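S.K.: Please find one structure pasted underneath; my questions will follow.
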Protein chains: 2
Amino acid sequence: MLSKKTKYGLKALTYLAAQKDREPVQIAEIARHENISQKFLESILLTLRKNGFLGSKKGKGGGYYLIKDPSEIRMTSVMRVLEGPIAMVPCVSLNFYEPCEDCPDEAACSVHKLMLMVRDSALAVYRNHTLADFV
Amino acid sequence: MLSKKTKYGLKALTYLAAQKDREPVQIAEIARHENISQKFLESILLTLRKNGFLGSKKGKGGGYYLIKDPSEIRMTSVMRVLEGPIAMVPCVSLNFYEPCEDCPDEAACSVHKLMLMVRDSALAVYRNHTLADFV
DNA sequence: TATTAATCTATTAAAACGATAGGAATATTA
DNA sequence: TAATATTCCTATCGTTTTAATAGATTAATA
């Protein structure tokens with residue numbers, strides 16, 4: 001299952017990408033518009049900022065804004081930051097690889113073989129789409 | 001993340017599919033061979049039996065055995081039984097569809113659009129592979 | 001200085017996960 | 001028929017993750 005964190009984060013990014021300009025938008029406005037718990041959204045936007053997707057401004061007239069062009073924001077990076085590894089098992093993960101300690105032979109493991117194909121197919125989707133495709 | 005239930009279940013199915021004949025194999029043997037907690041594996045094999053993948057026999061010489069040819073067992077059905085919906089959000093699920101109550105317009109929702117593509121790509125992999133591909 | 005809005009830290013409630021325990025039911029063998 | 005082997009069933013438990021909430025702090029603006 002996709003976590004609500006990812007779901008909300010993606011919706012927020014899309015909302016920001018749909019703005020005419022890159023002026024700050026308040027958390028409250030995004031939360032209201034997208035039916036998201038404001039406090040929860042706060043923490044999500046924070047991690048998006050810390051990972052280089054968003055800029056922020058405090059005080060009156062403050063808020064969050066996209067720091068890059070939507071067409072520069074690949075779904076791969078969005079998913080990795082919000083949801084974590086794209087692979088469903090660590091032994092087929094590109095960015096978070098870990099061997100299974102219970103599995104003597106990766107190449108012979110059915111789980112490994114299947115999940116490798118699934119990872120590749122998901123990766124193809126994420127790589128081929130940016131935020132711009134969803135505004 | 002793939003659940004251990006699915007991981008173990010798929011390994012067990014593969015182990016059974018690799019048998020020369022379709023004689024019953026004991027839980028203990030599968031557990032030992034695949035490094036799986038026997039008690040946990042018990043419950044997994046039970047659900048696989050209840051869902052028409054396996055047959056079982058009690059008492060001495062008993063165990064579990066495949067009830068169909070490995071080439072007849074699609075990964076779609078294995079995944080749905082063990083892991084649940086293939087879609088990452090209910091609003092793009094074929095077999096477990098549910099609308100999001102927070103989302104006024106599915107067709108306009110970025111999460112919906114992205115996850116629809118991801119589901120299709122995963123589905124393509126699962127549909128095109130059977131247990132026979134992993135023995 | 002007052003107000004606004006992001007930032008940070010901590011806590012909590014509920015759900016899911018992975019595993020374990022113990023006995024009941026059933027089939028085989030002697 | 002008795003003993004043994006094995007699946008079957010139910011219940012429980014501890015841990016982790018998830019989603020959300022609360023409250024105090026910091027920074028920018030007017």
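The values are calculated or read from the model by the stated rules, or taken from the named source; none is laboratory data. Computed from a predicted model, the values in this text were never measured in an experiment. Positions of Cβ are generated from backbone atoms using ideal geometry, with glycine treated the same way; all protein chains shown enter the neighbour counts.
S.K.: Is it the case that some residue within segment B:52-66 is within 24 Å of A:His112 (Cα to Cα), away from DNA strand D (no atom under 11 Å from the Cβ) and under 11 Å from the mean Cα position of the chain (by Cα)? Please lay out each step first, then the result.
M.R.: Filtering segment B:52-66 for residues within 24 Å of A:His112 (Cα to Cα) gives B:53-54, B:64-66.
Imposing the further condition that a residue be away from DNA strand D (no atom under 11 Å from the Cβ) reduces the set to B:53, B:66.
Then drop every residue that is not under 11 Å from the mean Cα position of the chain (by Cα), which leaves B:53.
Yes, that holds for at least one residue.
S.K.: A further question follows. Whether any residue in segment B:125-135 is free of Cβ contacts under 8 Å to residues at least 12 places away in the same chain and of a type outside the set (S, T, N, Q) is what I want to check.
M.R.: Yes, that holds for at least one residue.
S.K.: Out of (1) part of a loop (DSSP other than H, G, I, E, B); (2) more than 30 Å from B:Arg32 (Cβ to Cβ), what's the single condition that is false for A:Glu98?
M.R.: Among (1) part of a loop (DSSP other than H, G, I, E, B); (2) more than 30 Å from B:Arg32 (Cβ to Cβ), A:Glu98 violates only (2).
S.K.: Can you pull out every residue in segment B:16-43 that is surrounded by fewer than 20 Cβ atoms within 10 Å (Cβ to Cβ) and under 17 Å from B:Val81 (Cβ atoms)?
M.R.: Of everything in segment B:16-43, those that are surrounded by fewer than 20 Cβ atoms within 10 Å (Cβ to Cβ) and under 17 Å from B:Val81 (Cβ atoms) turn out to be B:Phe40, B:Glu42, B:Ser43.
S.K.: Going by what's in this entry, would A:Lys50 be described as within 12 Å of chain B (Cβ to nearest Cβ) and not hydrophobic (A, V, I, L, M, F, W, C)? Write out each step before concluding.
M.R.: Details: within 12 Å of chain B (Cβ to nearest Cβ): no; not hydrophobic (A, V, I, L, M, F, W, C): yes.
Against the criterion (within 12 Å of chain B (Cβ to nearest Cβ) and not hydrophobic (A, V, I, L, M, F, W, C)), A:Lys50 does not qualify.
S.K.: Only one of A:Gln38, A:Gln19 is touching a residue at least 12 places away in the same chain (Cβ under 8 Å) and farther than 30 Å from B:Lys7 by Cβ. Can you tell me which? Break it down stepwise before answering.
M.R.: Values: A:Gln38 fails: touching a residue at least 12 places away in the same chain (Cβ under 8 Å).
Selected residue: A:Gln19, the only one of A:Gln38, A:Gln19 that is touching a residue at least 12 places away in the same chain (Cβ under 8 Å) and farther than 30 Å from B:Lys7 by Cβ.
S.K.: In addition: Hey, among the residues in segment B:81-90 that are closer than 29 Å to B:Lys68 by Cβ and buried (at least 16 other Cβ atoms within 10 Å of the Cβ), which one's nearest to the other protein chains (Cβ to nearest Cβ)?
M.R.: Taking the candidates together, the pick is B:Met88.
S.K.: I would also like to ask the following. Output the residue which, of all residues in segment A:96-134 that are hydrophobic (A, V, I, L, M, F, W, C) and loosely packed, with under 15 Cβ neighbours inside 10 Å, is nearest to the other protein chains (Cβ to nearest Cβ). Write out each step before concluding.
M.R.: Step one: filter segment A:96-134 for residues hydrophobic (A, V, I, L, M, F, W, C), giving A:96, A:100, A:103, A:107-109, A:111, A:114-118, A:122-125, A:131-132, A:134.
So of that shortlist, the ones also loosely packed, with under 15 Cβ neighbours inside 10 Å come out as A:96, A:107-108, A:124, A:132.
Numbers: A:Phe96: 11, A:Ala107: 12, A:Ala108: 9, A:Ala124: 7, A:Ala132: 11 Å.
Ranking the candidates gives A:Ala124 first.
S.K.: Of the conditions (1) more than 8 Å from DNA strand D (Cβ to nearest atom); (2) modelled with pLDDT of 95 or more, B:Asp21 fails just one. Which one is it?
M.R.: Among (1) more than 8 Å from DNA strand D (Cβ to nearest atom); (2) modelled with pLDDT of 95 or more, the lone unmet condition for B:Asp21 is (2).
S.K.: Please verify whether A:Tyr97 is of a type in the set (Phe, Trp, Tyr) and within 12 Å of DNA strand C (Cβ to nearest atom), treating the condition exactly as stated. Break it down into steps so the answer makes sense when it comes.
M.R.: Numbers: of a type in the set (Phe, Trp, Tyr): yes; within 12 Å of DNA strand C (Cβ to nearest atom): no.
When the stated conditions are applied, A:Tyr97 does not pass them.
S.K.: Here is a follow-up. Return the only residue of A:Ser56, A:Ser93, A:Ser43, A:Ser71 being more than 13 Å from chain B (Cβ to nearest Cβ) and either among the aliphatic types (A, V, I, L, M) or out of contact with any helix residue (DSSP H, G or I) (no Cβ under 7 Å at 6 or more places or on another chain) (or both).
M.R.: Values: A:Ser56 fails: either among the aliphatic types (A, V, I, L, M) or out of contact with any helix residue (DSSP H, G or I) (no Cβ under 7 Å at 6 or more places or on another chain) (or both); A:Ser93 fails: more than 13 Å from chain B (Cβ to nearest Cβ); A:Ser71 fails: either among the aliphatic types (A, V, I, L, M) or out of contact with any helix residue (DSSP H, G or I) (no Cβ under 7 Å at 6 or more places or on another chain) (or both).
So the residue among A:Ser56, A:Ser93, A:Ser43, A:Ser71 that is more than 13 Å from chain B (Cβ to nearest Cβ) and either among the aliphatic types (A, V, I, L, M) or out of contact with any helix residue (DSSP H, G or I) (no Cβ under 7 Å at 6 or more places or on another chain) (or both) is A:Ser43.
S.K.: To continue, here is another question. Return the residue satisfying two criteria in turn: it lies in segment B:67-80 and is aliphatic (A, V, I, L, M) and within 12 Å of the chain's Cα centre (by Cα), and of such residues it is surrounded by the most Cβ atoms within 10 Å (Cβ to Cβ). Lay out the reasoning, then the answer.
M.R.: Initially, segment B:67-80 is screened for residues aliphatic (A, V, I, L, M), giving B:67, B:73, B:75, B:78-79.
With within 12 Å of the chain's Cα centre (by Cα) added as a condition, the list becomes B:73, B:75, B:78-79.
Values: B:Ile73: 20, B:Met75: 24, B:Val78: 22, B:Met79: 22.
So the residue we want is B:Met75.
S.K.: Give the residues of segment A:20-40 that are closer than 19 Å to B:Ala108 by Cβ and within 14 Å of chain B (Cβ to nearest Cβ), sorted by residue number. It would help to see each step written out before you state the result.
M.R.: Pass one, segment A:20-40, residues closer than 19 Å to B:Ala108 by Cβ: A:20, A:25, A:29-36.
Residues satisfying the conditions are A:Ile30, A:Ala31, A:Arg32, A:His33, A:Glu34, A:Asn35, A:Ile36.
S.K.: Report, by residue number, each residue of segment B:11-24 that is aliphatic (A, V, I, L, M) and either farther than 15 Å from B:Lys68 by Cα or more than 15 Å from DNA strand C (Cβ to nearest atom) (or both). First the steps, then the outcome.
M.R.: Initially, segment B:11-24 is screened for residues aliphatic (A, V, I, L, M), giving B:12-13, B:16-18.
Within segment B:11-24, B:Leu13, B:Leu16, B:Ala17, B:Ala18 qualify.
S.K.: Here's a check for you: in segment B:101-114, which residue that is part of a loop (DSSP other than H, G, I, E, B) and touching a Cys at 6+ places or on another chain (Cβ under 6 Å) is nearest to DNA strand C (Cβ to nearest atom)? Write out each step before concluding.
M.R.: Narrowing segment B:101-114 to residues part of a loop (DSSP other than H, G, I, E, B): B:101-105, B:109.
Filter once more, so that each one left must be touching a Cys at 6+ places or on another chain (Cβ under 6 Å): B:103, B:109.
Details: B:Cys103: 20, B:Cys109: 22 Å.
Result: B:Cys103.
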